[in-house]
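The values are calculated or read from the model by the stated rules, or taken from the named source; none is laboratory data. What you see is a predicted model; the values in this text were computed from it and never measured. Every residue, glycine among them, receives a Cβ derived from its backbone with ideal geometry; neighbour counts consider all protein chains shown.
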Amino acid sequence: MPITSAIAVYFVLWWIVLFAVLPWGVRSQEESGEVVPGSTESAPERPLLVRKLIATTLVSAVLFAILYAVIGYGGLTLDDIPLLPDFTPKDWK
């Protein structure tokens, strides 16, 4: 896999994992019993964003390593994934 493709795949994977990790350990102000005036009750008490960014990076690195191994050593290509039917005329092949 070329380095530009690897960076692009990791970037997309990192953002997908971030949205999966964001709800981990979130406790709302309403659940904690102390609502800051001017904020909604559903606002997080402590978002812990640094921990979530670290967890996102670690989980993304593991998933990317697995994906890289499958693509690099397992021989998986885009041709193996049925995305769209082949509409090219038979005489072109």
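Which ones in the range 1-48 are more than 24 Å from the chain's Cα centre (by Cα), in a helix (DSSP H, G or I) and not charged (D, E, K, R)?
Matches in the range 1-48: 29, 32.
Pick from the range 42-93 the residues that are surrounded by 10 or more Cβ atoms within 10 Å (Cβ to Cβ) and among the polar types (S, T, N, Q): which of them is nearest to residue 27 (Cα to Cα)?
42
Would you confirm, using the coordinates I've provided, whether residue 10 is surrounded by 14 or more Cβ atoms within 10 Å (Cβ to Cβ), among the aromatic types (Phe, Trp, Tyr) and touching a residue at least 60 places away in the same chain (Cβ under 8 Å)? First the steps, then the outcome.
Values: surrounded by 14 or more Cβ atoms within 10 Å (Cβ to Cβ): yes; among the aromatic types (Phe, Trp, Tyr): yes; touching a residue at least 60 places away in the same chain (Cβ under 8 Å): no.
Here the answer is no, as residue 10 does not meet what is asked.
Pull out all pairs, ordered by first then second residue, where Cβ-Cβ is under 7 Å, the residues are six or more apart or on different chains, the first lies in the range 38-66 and is free of Cβ contacts under 8 Å to residues at least 60 places away in the same chain, and the second is among the hydroxyl-bearing types (Ser, Thr, Tyr) and loosely packed, with under 14 Cβ neighbours inside 10 Å.
What qualifies is 41/28; 42/28; 43/28; 44/28; 45/28; 45/32.
Pairs under 6 Å by beta carbon, first residue at negative phi in the range 75-93, partner at pLDDT 70 or above, six or more apart or different chains?
76/70
If the requirement is being in contact with a helix residue (DSSP H, G or I) (Cβ under 6 Å, 6 or more places away or on another chain) and of a type outside the set (D, E, K, R), which of these qualifies: 17, 62, 70, 12?
Values: 62 fails: in contact with a helix residue (DSSP H, G or I) (Cβ under 6 Å, 6 or more places away or on another chain); 70 fails: in contact with a helix residue (DSSP H, G or I) (Cβ under 6 Å, 6 or more places away or on another chain); 12 fails: in contact with a helix residue (DSSP H, G or I) (Cβ under 6 Å, 6 or more places away or on another chain).
Within the list 17, 62, 70, 12, the selection yields 17.
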